[in-house]
Structure formats: C-alpha cells, structure tokens
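Data first, discussion second: the structure below is written as structure tokens.
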Amino acid sequence: MKRGWAPILPLLALTAAAPPPLQFEVGRQRPAPWPETAARFPHGIRASADIIYSQPPHYRPLRLDLYRPHTRKAPLPLIVHVHGGAWMTGTKRHGGPIKDFPSVLAQFAANGFAVASVEYRLDGEAPFPAAIQDVKTAIRFLRFHAREYGIDPARVGIFGGSAGGQLAALVSTSCGVAKLEPPADRDAPDLRGGAEIGAGAGDSYLYSRCRSWLCRQDR
C-alpha cells in the first residue's frame, strides 16, 4: 500500500496548496478605468497619460494625454491638439520638428488651460472620415467627463500642424454634417447645447460659433 500511494503524494500536496478560486461579478456597465499614469512638468502641470477615450469595434483603443494645472480648481477652457504626419504616421506626443512637444503642451496648460493631445486612426488603419470622427469623439468624451477633468465644456479650442491642422479645420467647420459625425454612443446621454469652437490650422486661424457637433443630432 505504501508503494501504491507514493507516486501520487506530490499531486495530493499540490491540491492541498492550490490557491482559492477566482471571484468575479458579471455586469453590464463598462469596466473601471486602469489606474492613472501621470507625468509632472514645471509650473505645477500634471499630465494624465493614455486615457482611453474610444474603442472602435475591430480597431485598437484610442487614447489621449491630458495636461492640467494641478492646483487650479475652477473649470478650465479646453485646447485640443491634433498631431500631424500626412495622415499616415505620428503620435499624440509628436509636434513636427519640436524635440520635446509634451513640454510645449504643458506650457499651454501653465497659462490656465486644460490641454488634450489626441490620437486618431491613421490612413492605413481606417479610411476617411474615420480620423475626423475620432477627434470629434475625443472632444465629446472630454465634454462628457468635464466635471471629472475640471474642464469648461462650453469653451473648446482645437489646433494642429500639417495633417492635424487639416483635421482641426474640418472638425471645427463641419457642424451638423452627418457623414462626419461620430457614431452615436449608446451608453452616453445627449450633450446638446451651444458651444464656442475655435480652430487653428497651421498659421491660419478659423473661428466659428455653432451648435455643438460633439453630440447626437436632434432626432
């Protein structure tokens, strides 16, 4: 008998030392966000990195970086940066020939703004108008979470260089153009209301006051 039990004694020891089973709940709500990754810049600026603002079906998660004065409590006007790269390359931390572009965005924030640098689907990932829809979705996300991020949702500016300038101009002047609107988010309530939208494209400056394009259209 002793010889018969000897081969399985190690297995019995493993069974006795097995960890408790995994525990989880099934829910229909979106999961809580991953813990924030933050970077600090001079003048009390804190940047929250890689905030996921959208998960298009069959595509990668889309992210943004958000720069804010750490000590400011009042809602801040929002500046959105759209990177260039011929619509084929570039990242939200890319600013053409500028070596350390995040530090430039942090300087904007030091002047009393919340600054979001957003990424979007590139030409090799999704065809037009995906990039425009992504940028609009990012601003919709930021306005929806305005209280959480300390943003004034009624004051939004947008700028970019090269391809980013083209996208910024189209985003700010395509109010109510159905084909350029992002798909409706079933989990987000309507965000209706007027908004002032400023856009800078390269060295030019466009300004329009229009009905918010950051929300679903009236049915």
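Quick rundown of the values:
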{"item": "Sum of side-chain charges, S48 neighbourhood, beta-carbon under 13 Å (Lys, Arg +1; Asp, Glu -1)", "result": "+1"}
{"item": "Potential extension, S48-Q23 segment - 0.36 nm per residue separation minus Cα distance", "result": "6.0 nm"}
{"item": "Between region 44-85 and region 91-145, the alpha-carbon center distance in angstrom", "result": "7 Å"}
{"item": "Phi-based couplings in Hz for region 161-177 (Karplus 6.51, -1.76, 1.60; Gly and Pro marked x)", "result": "x, 6, 4, x, x, 5, 5, 4, 5, 5, 4, 7, 10, 10, 4, x, 7"}
{"item": "Rounded FRET efficiency, nearest 0.05, which uses the C-beta distance separating A38 from Y59 and R0 of 30 Å", "result": "0.70"}
{"item": "Accessible area (Å², per residue) of region 115-164, counting only protein heavy atoms and a probe of 1.4 Å", "result": "36 Å²"}
{"item": "Net lengthening on full extension, A110/A86 (0.36 nm per residue, minus Cα-Cα)", "result": "5.7 nm"}
{"item": "Ranked by how many other beta carbons lie within 10 Å on average, peptides 110-117, 171-178, 149-156 from highest", "result": "110-117, 149-156, 171-178"}
{"item": "Loop sites in region 117-168: GluC sites (Glu not before Pro), DSSP, at most 16 other Cβ within 10 Å", "result": "E125"}
{"item": "Two-site label geometry, D100 and F128: point separation in nm, points 7 Å out along Cα→Cβ", "result": "3.8 nm"}
{"item": "Trypsin sites (Lys or Arg not before Pro) restricted to DSSP loop in region 76-141 with at most 13 other C-beta within 10 Å", "result": "K99"}
{"item": "Whole-Å semi-axes of region 82-122's equivalent ellipsoid (Cα gyration tensor)", "result": "20, 12, 6"}
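The values are calculated or read from the model by the stated rules, or taken from the named source; none is laboratory data. All values derive from a computational prediction rather than experimental measurement. FYI the Cβ positions are ideal-geometry reconstructions off the backbone, even for glycines, and counts take in every protein chain you see. Just the protein is used for accessible areas: all its heavy atoms, side chains included, with ligands, DNA and RNA removed. Shrake-Rupley method; radii C 1.70, N 1.55, O 1.52, S 1.80 Å.
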